[in-house]
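Report on one structure; see the data block that follows.
The values are calculated or read from the model by the stated rules, or taken from the named source; none is laboratory data. As the structure is a prediction and not an experimental result, all values here were calculated from the model. Cβ coordinates were reconstructed from backbone atoms using ideal geometry, including for glycine residues, and neighbour counts include every protein chain displayed. The area values use the complete protein model at the heavy-atom level, side chains included, leaving out ligands, DNA and RNA. Shrake-Rupley method; radii C 1.70, N 1.55, O 1.52, S 1.80 Å.
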Amino acid sequence: MLLFFCGGFPASDAGGGAATQEHGADILKFHLCNQQLYILAGPDTTDEIKSTAAITNWLSKGLHYLLPPHVQPNINKLGLAGHSRGGKVAFALALEKEATSLKFSALIGLDPVDGMDKGKQTPPPVLTYVPHSFDLDMAVMVIGTGLGEVKKNPLFPPCALKGVNHQDFFNECQEPACHFVAKDYGHLDLLDDDTEGLRGKTTYCLCKNGKSREPMRRFVGGIVVAFMNAYLLGDNKDLLAIKDGQKTVPVELKTNVCIG
């Protein structure tokens, strides 16, 4: 999944998907994927990074043709979000592993994963394992899942393994950056409850899941909107309220931190 944000409204883009079909989230429409099925998508993410760069370059030329006449996107305030393998792609593009004509103002990693294990990163590798090494010049938020690093069963590894998961991405971020981890939810709990077809059914078999996906979807939708409001529109009251525990969220947070 990859998602672009322009001037306060979301403009979604399908990219970085490894396994699943499109499934909605409560507040935003996401294109979600399961990194555990890297083998189906191929181990190399270079083509996905190039495709995302091409779409980024197209935004200034073609996006307005798809919007109602009264809607004018502000591409000078552009945000990018990605889930799982798509999170790796989003970070790679923000780190300029492929050149784009537009610059990003905000970046979100939704339980990002850089390969199958430490030392088994998919090319091109994003994590350097050097603290605060990401030279991004933009605000970053990383959302993680407490169950993402837990095995569903003995046959499959965790879907967001320690060493290549959200914690490692956040460790390399510079200020300003936020890190939120939903304690009792898994890597694919951002998806709809009912996922159709064989691919949809596998989302309940491969990854450790929480009791219900709906609270996680609500949290992700809300925190993404709060973060984009803060760093694209200059309204940070909701983000600060969530960080400070003054606003109730639908999940228990294991980690709740912002720096800078």
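With respect to Ile242, determine if the residue is touching a helix residue (DSSP H, G or I) at 6+ places or on another chain (Cβ under 8 Å), open to solvent by less than 20 Å² (accessible area, probe 1.4 Å) and over 14 Å from Val142 (Cβ atoms). Judged against the criteria, Ile242 is a match.
Screening Val249 with (1) touching a Cys at 6+ places or on another chain (Cβ under 8 Å); (2) at pLDDT 95 or above; (3) part of a loop (DSSP other than H, G, I, E, B) gives one miss only, at (1). Taking first residues from segment 92-121 that are without any contact (Cβ under 8 Å) to a residue 60 or more places away in the chain and in a loop (DSSP other than H, G, I, E, B) and partners that are of a type in the set (Asp, Glu) and open to solvent by less than 20 Å² (accessible area, probe 1.4 Å), the Cβ contacts under 6 Å between residues at least 6 apart in sequence or on separate chains come to Gln121/Asp114. When segment 167-195 is filtered for residues that are at pLDDT 95 or above, open to solvent by 10 Å² or more (accessible area, probe 1.4 Å) and either within 12 Å of Gly144 (Cβ to Cβ) or of a type in the set (S, T, N, Q) (or both), the ones remaining, listed by number, are Gln167, Asp168, Phe170, Asn171, Gln174, Lys183, Tyr185. Going by the conditions given, is Asp194 touching a residue at least 60 places away in the same chain (Cβ under 8 Å) and more than 28 Å from Ser133 (Cα to Cα)? So Asp194 fails the test. Restricting attention to segment 197-246, the residues that are acidic (Asp, Glu), assigned to a helix (DSSP H, G or I) and free of Cβ contacts under 8 Å to residues at least 40 places away in the same chain add up to 1.
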